[in-house]
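A short write-up of the structure that comes next.
We did not get these values from a lab; they are worked out from the coordinates using the rules stated. Predicted model, so just to flag it, every value in this text is computed and none were measured. Methodologically, a virtual Cβ is constructed for each residue, glycine included, from the backbone with ideal geometry; neighbour enumeration extends over all protein chains shown.
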Amino acid sequence: MASRPRTLYEKIWDAHVVETRDDGTALIYIDRHLVHEVTSPQAFEALRLAGRPVRRPELTLAVPDHNLPTTPRVDGAGKPVAIADPESAAQLAALEDNAPAFGIRYIPATAKEQGIVHVVGPEQGFSLPGTTIVCGDSHTACHGGLGALAFGIGTSEVEHVLATQTLLLQQSKSMEVRVDGDLGPGVTAKDLIMHIIGTIGAAGGSGYVIEYRGAVFEAMSVEQRLTVCNMSIEAGARAGLIAPDDVTFAYLKGRPMAPQDAEWDAAVAYWRTLHSDDGAVFAKSVTIDAADIEPSVTWGTSPEDVVPIGGRVPDPQDFADESKRVAAQKSLDYMGLTAGTPMTQVPIENVFIGSCTNSRIEDLRAAAAVLKGRHKADNVRWAIVVPGSGLVKYQAEAEGLDKIFTDAGFEWREPGCSACLGMNPDKVPPGERCASTSNRNFVGRQGPGARTHLVSPAMAAAAAVAGRLADVRELQN
Amino acid sequence: MEPLTRVEGRAIPLGLKNVDTDIIIPAKWLKTISREGLGAGAFEALRGTPGNVFEDPAYAGAPVLIAGDNFGCGSSREHAAWALDDMGIRVVIAPSFSDIFSGNAVKNGILPVVLPQDAVDRLLEVARAGEPITVDLETQTVTTTYQDRFSFTLDPFRRDCLLNGLDEVGLTMARGEAIGGFEASRTAAQPWLMRGTSV
């Protein structure tokens, strides 16, 4: 039977269409739903008011992450530590009440499986290739690293999924970002995705689902793929995808919620069909040469404001259009930077290693490899490592990474979103800079007035040692 | 949700591009378990800067906001739409919106109007002159007292939801049988997909 060649995105989409309305809107089935404390209370409240149950409680997994302090969660006697901020405590209590009330599996803050939703989902095998995955969090695109169609939704959609296990959606277009060749020394998945965003722009993926294709992605571990797909939203894309392969299957096999035995074999057979067909048409295609990518940093207040570490703060006058010139000048004013300054001369007072982008075990290993036998510079006032989950934390401790971090002057924290969004007590003070492995350098993102420079874990470690933004390659020789 | 058909009034000429949802409503306001009262935190960082449009009495209570490319990018927080709603914003006009924000807006009775940059630039001028702007969803037009007339499109389902104040959850729950049929065929063919946390 001859059928039209389809992209990976189109295949996953087609497999989830319950029905299509006359106006073209499709009712799409949602296989997996992750819930956290910040974007769910109003959704549960709406269900309660309307007397609506959760349609498929077993397809939703709840875990607190955004608002939790990253200081110890149990005291010396093993009792849970109360959360000081009453609003945060109330929000966390709401999730703790809502999940069991609606029959949803809940991972408590004190469990070793607790962590950032986007670390927990893959780690538990809850996130699977070919599934549709949603969460009230824009970095849900992360799970595309497993070959899942994963995207962030608002709270009204959280309510819609809880009540119906579906969403009403318009199909996006397929976009290809192809990177062939090999990444150079010191160049990581983070540098790659930052380079891609810098190339296509913060709205370059708007209206599209991006499929990352080519030798560079095929050679990556699952954790690196998660980092790439995680930041698809920073290019404006609905989602990011990498076709699942043997690397993906090896990662998932044996995880607690992954299929087992005969079902595993059936699942793998299905997953092997999940790739773009030869001749599939992408509405937009971008090709990047891996050799052009260097360890990268952001200079401004949009993730598209990317330069190689060897570069300089750009001059707003060099931008072609007026709106970009205005935006660049505003960014430089906020960031307290002068055009033409070499990036390696920008001093750093804070270092944050964590977030759903870069808090997995490979990220911590990469940072620890740079920090081993070294210490943060005196002008670095605050340096923290926040593992993505309790399981990552225990693994790192088993490998002795925690000791490397604390010897280097870092604080070793409990898992959560932490200083990525400055919702819990972990914030960067006004006017100070942070070399951060997170995903957003927005105005005020890490705290009011905070100045964020996005970097890879290895580059964050290098910045901590140098006390300024630094080229990690100089420490890796 | 209240139906939205036609909005007439002054417009706030923000004009900035890449206005992210952290700017619309900072994280510290997300600790609420309610949808109410978020207007007080809307554009908090911008309100602190001299000469900003949000503190300008000329635009107080304006129901329209005009912005640059990629409005509402970043975090999926629906608090951004709730904050705009609480400020009294019914329409946002921009050359482009983030996918998640525009969906959140519509679900809260806020109309995202996409117009080309030159039309947006013209409307910014009109807004700065203190003249009202009229946005009509039935005719899908934006008009001004200077005889400007710009047409826009919105996908038919979203337009229908806004014009009639429809409850999407209720609409979809009425399709429960179709969803049940889909689930039954899934359970038969790929049972592992339906297990989720029940393993």
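Values for this structure:
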| item | result |
| --- | --- |
| Total residues in the range B:95-145, condition away from chain A (no Cβ under 14 Å) and part of a loop (DSSP other than H, G, I, E, B) | 10 |
| Residue list for the range A:199-228, restricted to those being of a type in the set (Lys, Arg) and part of a helix (DSSP H, G or I) | A:Arg225 |
| Top-ranked residue of the range A:248-280 - restricted to ones that are of a type in the set (D, E, K, R) and over 27 Å from the mean Cα position of the chain (by Cα), ranked as farthest from the other protein chains (Cβ to nearest Cβ) | A:Asp278 |
| Qualifying positions in the range A:236-247 - buried (at least 24 other Cβ atoms within 10 Å of the Cβ) and either touching a residue at least 60 places away in the same chain (Cβ under 8 Å) or more than 14 Å from chain B (Cβ to nearest Cβ) (or both) | A:Ala237, A:Arg238, A:Ala239, A:Gly240, A:Leu241, A:Ile242, A:Pro244 |
| Members of the range A:266-323 that are in a helix (DSSP H, G or I) and surrounded by 15 or more Cβ atoms within 10 Å (Cβ to Cβ) | A:Ala266, A:Ala267, A:Val268, A:Tyr270, A:Trp271, A:Ala290, A:Pro316, A:Ser323 |
| Any hit, the range A:28-45, residues being of a type in the set (Ser, Thr, Tyr) and either farther than 24 Å from A:Glu159 by Cβ or more than 11 Å from chain B (Cβ to nearest Cβ) (or both) | no |
| Condition check for B:Arg159: within 14 Å of another protein chain (Cβ to nearest Cβ) and within 28 Å of A:Pro129 (Cα to Cα) | no |
| Hey, A:Gly431 small (Gly, Ala, Ser), surrounded by fewer than 24 Cβ atoms within 10 Å (Cβ to Cβ) and within 29 Å of A:Arg473 (Cα to Cα) or not | yes |
| Filter result (touching a residue at least 24 places away in the same chain (Cβ under 8 Å) and in a loop (DSSP other than H, G, I, E, B)) within the range A:31-52 | A:Asp31, A:His36, A:Glu37, A:Val38, A:Thr39, A:Ser40, A:Arg52 |
| Matching residues in the range A:75-126 - criterion: being of a type in the set (S, T, N, Q) and away from chain B (no Cβ under 11 Å) | A:Thr110, A:Gln114 |
| Residue in the range A:8-27 that is nearest to the chain's Cα centre (by Cα), counting only those that are at the interface with chain B (Cβ under 9 Å from one of its Cβ atoms) and under 30 Å from A:Ala243 (Cα atoms) | A:His16 |
| Residue satisfying condition, being among the small types (Gly, Ala, Ser), touching a residue at least 60 places away in the same chain (Cβ under 8 Å) and in a loop (DSSP other than H, G, I, E, B), within set A:Ser127, A:Ser88 | A:Ser127 |
| One residue from A:Val455, A:Val392, A:Val443, A:Val386 being within 24 Å of B:Thr49 (Cβ to Cβ), crowded, with 20+ Cβ neighbours inside 10 Å, touching a Ser or Thr at 6+ places or on another chain (Cβ under 7 Å) and of a type in the set (A, V, I, L, M) | A:Val443 |
| Among (1) polar (S, T, N, Q); (2) in a loop (DSSP other than H, G, I, E, B); (3) more than 30 Å from A:Gly311 (Cα to Cα), the one test that A:Asn358 misses | (3) |
| First in the range A:53-64 and in contact (Cβ under 8 Å) with a residue 40 or more places away in the chain and more than 8 Å from chain B (Cβ to nearest Cβ), second anywhere and of a type in the set (A, V, I, L, M) and assigned to a strand (DSSP E or B), Cβ under 9 Å, 6 or more apart | A:Ala62/A:Leu34; A:Ala62/A:Val35; A:Val63/A:Leu34; A:Val63/A:Val35 |
| Number of positions in the range B:162-181 that are within 9 Å of chain A (Cβ to nearest Cβ) and in contact with an Asp or Glu (Cβ under 8 Å, 6 or more places away or on another chain) | 3 |
| Every residue from the range B:34-92 that is crowded, with 23+ Cβ neighbours inside 10 Å and among the polar types (S, T, N, Q) | B:Asn70, B:Ser75, B:Ser76 |
| Some residue of the range A:176-197 being within 13 Å of chain B (Cβ to nearest Cβ) and under 21 Å from A:Thr132 (Cα atoms) | no |
| Which numbered condition B:Thr187 misses (of (1) facing chain A (nearest Cβ under 8 Å); (2) closer than 17 Å to A:Leu59 by Cα; (3) polar (S, T, N, Q)) | (1) |
| Boolean, A:Arg413 is within 30 Å of A:Thr338 (Cα to Cα) and touching a residue at least 40 places away in the same chain (Cβ under 8 Å) | no |
